[in-house]
Amino acid sequence: MRLAVGNIILEKKVKRLIRTDMYSWFFKLGVFLLITGCSSYKFDESLLKLNENEEIGAVGQITTVTSESQRNFLNDRAATLLNAELGEDEAIELMIVKSPDFQSLLFDHRSRLAEAAQQGRISNPAFSFERMVKGAETEYGRFLSFGLLELFTLPLRKETSKISVELGHVKLEAGVFEKINDLRIAWYDAVASQKRKKLYEDAFIALSANAELAKRMKKTGNMTTSDRIRQQLILSGATVAIAEARMKNISAREMLTRKIGLSRDEANVMDLPQALPEAPNDPISIEDLEYEINNRLDVKAARLEYELLLKGLGLDELSSYTDIELGYRNDRINDAGSISNKKGYELEVKIPIFDWGDLQRDVVQSELVAKQQRYKNTVLAAASELRESYQGYRTAYDIAKHYKDQIIPMYETLLDEATYEYNGMIIGVFELVQVGLEKASAEIRAIDALQNLHLAELKLNSVLVGGQMGLETNAISDAPAKKAKGH
């Protein structure tokens, strides 16, 4: 009798211990999910790092506009910038505070970064409730389930999520850097086209006076019909040239307007400098360039893409075989007033019978090798791109300096000499105007050379920061007018 009672007491203790261990296990599981399953991320952290990165070339604070007060503050800043001459840095800041396209870029990357951070969180468990009635019997079913494989692989997914967030931030930096570079190109083009238009207009005024003088000289019999027509043809050519220059200037300003995000009224008050920044006295030395290949944005992106795929390789291979889901059931049965409970567990396993996942694994392995080779190629190409871009910069610098220090001064000397000869009645007015036109043509080519220098410097900076971004220099312009015949 004592033995039977002892067995009953021992059995109850064992059941109580098992039940206590089960509750403890579920408690520990809940704490584990609470601590490890919640991966936090804030886009403001990426914006902070972006604003601290001086290599990106941003002017002003980059921020996402999420409230009306922010928009009003930025509109006030934009109005202040527009009320003064819009230099290169001011144009960049104006784009940052004004451009809807730039804001769209930020929010697109904000969405992608949130998705990347979401990968590090475990899915919510599923709870189902059912009520079944059969005669006098009523059954209440409660079922809680979650992905067991997803739980076991959570630490790995948190690591891949961290890499994905870092990769997303690098792509955000690259996107902002490209937008700023595009804005710089548009600003250079708008300022240069404005200066070219002014030179064409000056040439047109001189040629108009020339044509009018030729017309009067023809009437008095001091010029042949052929010479008179030639002067008029030169003026016609200048008329076409100035129309083209004005159209190019309008296109360049409108492009800059679109890049910044201005309305028509705002674009009308936009005041650009009269000339491009002058070439520096000394070129950039290749020894002074701070170049670290692993800091390039494209190298970072290629490396992170490879690491991301490599880190997730085990997870992809495991999920290609099977999937496991664990569930806990607790049912309450009311049978004509008699209450009973039914508890249990459910384990759902995907059985690899028809598809062993070999093709999925082959896809992952191929992508991994492709990412690895892409990373190697990016690293190998970086040094070559730097050498090429620096030589392009030095060539553009030498040409721009040659125009400034040699060609333009010689044309100024020629014009001074022609003026002396004209005052001394050695040459006529047509010869004097011709020398002036040649000087104007050289000045237009000097503008092209200076613009090419700034583009080459942008290209060099792109190679240092994030790889080439398709920056191309412009061809040096030809003379705007044909040679005039003197009388």
With respect to Lys195, determine if the residue is within 15 Å of Asn249 (Cβ to Cβ) and touching a helix residue (DSSP H, G or I) at 6+ places or on another chain (Cβ under 8 Å).
yes
Can you tell me which residue within region 60-73, out of those that are open to solvent by 40 Å² or more (accessible area, probe 1.4 Å) and either of a type in the set (Asp, Glu) or under 21 Å from the mean Cα position of the chain (by Cα) (or both), is farthest from Val176 (Cα to Cα)?
Glu68
Flagged pairs (Cβ under 6 angstrom, 6 or more apart or on separate chains; first in region 239-253, at pLDDT 95 or above; second aliphatic (A, V, I, L, M) and open to solvent by 50 Å² or more (accessible area, probe 1.4 Å)) are none
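Condition check ((1) at pLDDT 80 or above; (2) buried (at least 16 other Cβ atoms within 10 Å of the Cβ); (3) more than 26 Å from the chain's Cα centre (by Cα); (4) not aliphatic (A, V, I, L, M)) across all residues:
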residue	(1), (2), (3), (4)
Asn294	no, no, no, yes
Val299	yes, yes, no, no
Leu304	yes, yes, no, no
Ile324	no, no, yes, no
Tyr345	no, no, yes, yes
Subset of region 371-392 [over 15 Å from Ile286 (Cβ atoms), open to solvent by less than 60 Å² (accessible area, probe 1.4 Å) and among the hydrophobic types (A, V, I, L, M, F, W, C)]
Val379, Ala381
Look through Ser236, Ser263 and report the one residue that is closer than 18 Å to Ala186 by Cβ and among the hydroxyl-bearing types (Ser, Thr, Tyr).
Ser263
Please determine whether any residue of region 393-404 is surrounded by fewer than 17 Cβ atoms within 10 Å (Cβ to Cβ), in a loop (DSSP other than H, G, I, E, B) and touching a residue at least 40 places away in the same chain (Cβ under 8 Å).
no
Just checking, how many residues over region 405-432 are of a type outside the set (A, V, I, L, M) and buried (at least 16 other Cβ atoms within 10 Å of the Cβ)?
4
What single numbered condition from (1) open to solvent by 10 Å² or more (accessible area, probe 1.4 Å); (2) modelled with pLDDT of 55 or more fails to hold for Asp448?
(1)
Could you tell me which residue of region 134-175 is modelled with the lowest pLDDT, considering only residues that are assigned to a strand (DSSP E or B) and aromatic (Phe, Trp, Tyr)?
Phe146
Candidate set: region 102-129, residues that are over 21 Å from Tyr41 (Cβ atoms) and open to solvent by less than 80 Å² (accessible area, probe 1.4 Å); chosen: the one modelled with the highest pLDDT
Phe102
When region 75-101 is examined, which residues are found to be hydrophobic (A, V, I, L, M, F, W, C) and buried (at least 18 other Cβ atoms within 10 Å of the Cβ)?
Ala78, Leu81, Leu82, Leu86, Ala91, Ile92, Leu94, Met95, Ile96, Val97
Within region 259-277, which residues are in contact (Cβ under 8 Å) with a residue 60 or more places away in the chain and surrounded by 13 or more Cβ atoms within 10 Å (Cβ to Cβ)?
Lys259, Ile260, Gly261, Leu262, Glu266, Met270, Leu272, Pro273, Ala275, Leu276, Pro277
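The values are calculated or read from the model by the stated rules, or taken from the named source; none is laboratory data. Worth saying up front: this structure is predicted, and the values here are computed from it rather than measured. Don't worry about glycine lacking a Cβ; one is built from the backbone with ideal geometry, like all the others, and counts go over all protein chains shown. Only protein heavy atoms, including side chains, enter the accessible area calculation; ligands, DNA and RNA are left aside. Shrake-Rupley method; radii C 1.70, N 1.55, O 1.52, S 1.80 Å.
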